[in-house]
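Take a look at the structure set out below.
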Amino acid sequence: MTTTAGSTEHLPPALRTEALEQLLTERGLIDPKAMNGLITTYETNIGPLNGAKVVARAWTDPEYRRRLLEDGTAAIKELGFGGFQGEHIVVVENTATTHNVVVCTLCSCYPWPVLGLPPSWYKDPAYRARMVKEPRAVLSEMGLELADDVRITVRDSTSEVRWLVLPERPSGTEHLTEEELVPLVTRDAMVGVAKVAAP
């Protein structure tokens, strides 16, 4: 394809997307409010809610937890979540002594079926570069302070393997049901940049 004046071929994908959205809006083909609502739904509701259901099941069902840690993709499919960007999900568990955090140094590979759309900070080059080199400092800047004796492992997502963190269950939630646990689980905890707070 030949580049012509006014073409967006040379622009980065984010700017090309913006230009396309503006064009569709100007022509009355999309409503910006509806588009923003749709993005918010996938970014914060549907995807992360699916992942929260997976986590809550693992916290309350030891057999499911075992299957999840052995074969994340298959166990997640048991709950009906899978498909595009949901292939090859490996689940790792955070404990009192081990903390996993996910990054994608080359792109923004992300398990959409269980986390929704990736947040902007996840795709930010600074996050991707710094988390690998100085995870404790970056986590601290994001509001997560870990004790010096907690071992941090940075998991690098790729198109072949997408990581999901099974957060540590907060103390004081032993009496809660699976359904009551779901709202406690956040997207950030399943990426490993936060912990799940007790209610």
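The values are calculated or read from the model by the stated rules, or taken from the named source; none is laboratory data. Note that this is a predicted model, so its numbers are computed, not measured. We place every Cβ from the backbone using ideal geometry, glycine too, and count neighbours over all the protein chains shown. For the accessible areas, the whole protein counts, side chains as well, though only heavy atoms, and no ligand, DNA or RNA atoms are used. Shrake-Rupley method; radii C 1.70, N 1.55, O 1.52, S 1.80 Å.
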Residues being touching a residue at least 24 places away in the same chain (Cβ under 8 Å) and farther than 24 Å from VAL90 by Cα - total across segment 143-194: 6
Residues located in segment 96-153, provided they are assigned to a loop (DSSP other than H, G, I, E, B), at pLDDT below 95 and among the aliphatic types (A, V, I, L, M): LEU106, LEU117
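Yes/no per residue for (1) in contact with a His (Cβ under 6 Å, 6 or more places away or on another chain); (2) more than 23 Å from GLU145 (Cβ to Cβ); (3) of a type in the set (D, E, K, R); (4) exposed (fewer than 15 other Cβ atoms within 10 Å of the Cβ):
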residue: ARG65; (1), (2), (3), (4): no, yes, yes, no
residue: GLU70; (1), (2), (3), (4): no, yes, yes, yes
residue: LYS77; (1), (2), (3), (4): no, yes, yes, no
residue: GLY82; (1), (2), (3), (4): no, yes, no, no
residue: THR95; (1), (2), (3), (4): no, no, no, yes
residue: THR98; (1), (2), (3), (4): no, no, no, yes
residue: PRO125; (1), (2), (3), (4): no, yes, no, yes
Pair list, Cβ < 7 Å and 6+ apart or interchain, from segment 73-84 residues that are on the phi < 0 side of the Ramachandran plot to residues that are in a loop (DSSP other than H, G, I, E, B) and surrounded by fewer than 15 Cβ atoms within 10 Å (Cβ to Cβ): THR73/GLU87
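Here is a list: VAL165, VAL132, VAL161. Which entry is among the β-branched types (Val, Ile, Thr), out of contact with any Leu (no Cβ under 9 Å at 6 or more places or on another chain) and open to solvent by 70 Å² or more (accessible area, probe 1.4 Å)?
Details: VAL165 fails: open to solvent by 70 Å² or more (accessible area, probe 1.4 Å); VAL161 fails: open to solvent by 70 Å² or more (accessible area, probe 1.4 Å).
Just a single option satisfies the conditions, and that option is VAL132.
Check whether at least one residue in segment 152-169 is over 20 Å from the mean Cα position of the chain (by Cα) and not acidic (Asp, Glu), and report yes or no. Before you say what the answer is, go through the steps one by one.
Quick first cut of segment 152-169, residues over 20 Å from the mean Cα position of the chain (by Cα) only: none.
No - not one qualifying residue is present in segment 152-169.
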